[in-house]
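A.B. asks: If you scroll down you'll find the structure; I have some questions about it.
Values in this text are rule-based calculations from the coordinates and carry no lab data. Because the structure is a prediction, the values reported are computed rather than measured. Note: ideal-geometry Cβ built from the backbone for every residue, glycine included; neighbour counts use all protein chains shown.
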Amino acid sequence: IMLNITPQLISLSAKEDLIFVGGIAMVAHGMKKSFNDIDIVITSTSGLSNITTYQTDSAFSKSGNRAFILKTELSMEMDIDIFIENELPDYEIINGLKIITKDAMAQYYNSIKNRVNSHFRNNIETNLSLITHNLNTLLDE
């Protein structure tokens, strides 16, 4: 599986304090074939335009600070879902993009899985089993 590096991803990746997470990270690590939107973690909104910020008590957000950019705002391929946090997760460079590590993804999913509804918990359990299987495969090589 190759991640299609679009102009949208290249322009986002120029932002220093930006890590790609979620579905796009699963695709970059070769664990999924597709993703629905672009999830990013940032420490500041500087350098991003057409951004809408909001507060949430969602389990997915440590700080409660979230934002989004709709694809219609920038005539891009996908919406951007933004997590504004005090620190960035561990990452590695894959295809020129800063992608959250598998370990950091597993830690994140494990930390939230018991605080989300059953729909999200099922998705998280699936992602965790993909990550765990993937990590174990790497160890066996």
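A.B. asks: GluC sites (Glu not before Pro), restricted to segment 40-117: which are DSSP loop and have at most 14 other Cβ atoms within 10 Å?
C.D. replies: Values: sites: 73, 77, 85, 87, 92; in loops: 77, 85, 87.
Sites meeting the loop and neighbour criteria: 77, 87.
A.B. asks: So, in Å, what gap is there between the alpha-carbon centers of segment 85-121 and segment 23-72?
C.D. replies: 11 Å
A.B. asks: Nearest 0.05, what FRET efficiency do residue 101 and residue 128 give at R0 = 22 Å with Cβ-Cβ as r? Before the final figure, lay out the partial values.
C.D. replies: On the way: r = 14 Å, r/R0 = 0.65.
The calculated FRET efficiency here is 0.95.
A.B. asks: Something else: Give the relative contact order (percent, whole number) for the chain; include only Cα pairs under 8 Å separated by 6+ residues.
C.D. replies: Once divided by the residue count of the chain, the mean separation gives 22 percent.
A.B. asks: Over 20 Å between C-alpha atoms is what I'm after, so list which of 15/102; 32/102; 32/71; 32/98; 71/113 land there.
C.D. replies: Numbers: 15/102 22 Å; 32/102 13 Å; 32/71 22 Å; 32/98 17 Å; 71/113 29 Å.
Distance filter (> 20 Å) returns 15/102; 32/71; 71/113.
A.B. asks: Residue by residue, what Karplus-based ³J(HN,Hα) values in Hz, rounded to whole numbers, does segment 60-66 have, using 6.51, -1.76 and 1.60 with θ = phi - 60° and x for Gly and Pro?
C.D. replies: 5, 10, 5, 7, x, 8, 10
A.B. asks: Calculate for the chain the 222 nm mean residue ellipticity that helices alone would give, adding -39,500 (n - 2.57) per DSSP H run of length 4 or more and normalising by residue count, nearest 500 deg cm²/dmol. Each step should come with its number before you reach the end.
C.D. replies: Numbers: 5 runs with 52 residues, N = 141.
It comes out at -11000 deg cm²/dmol, rounded to the nearest 500.
A.B. asks: Scan [x] 23, 19, 14; [y] 32, 22, 9; [z] 30, 22, 16 for the value of semi-axes √(5λ) of the Cα gyration tensor in Å calculated from this model and give just the label.
C.D. replies: It is the value labelled [x].
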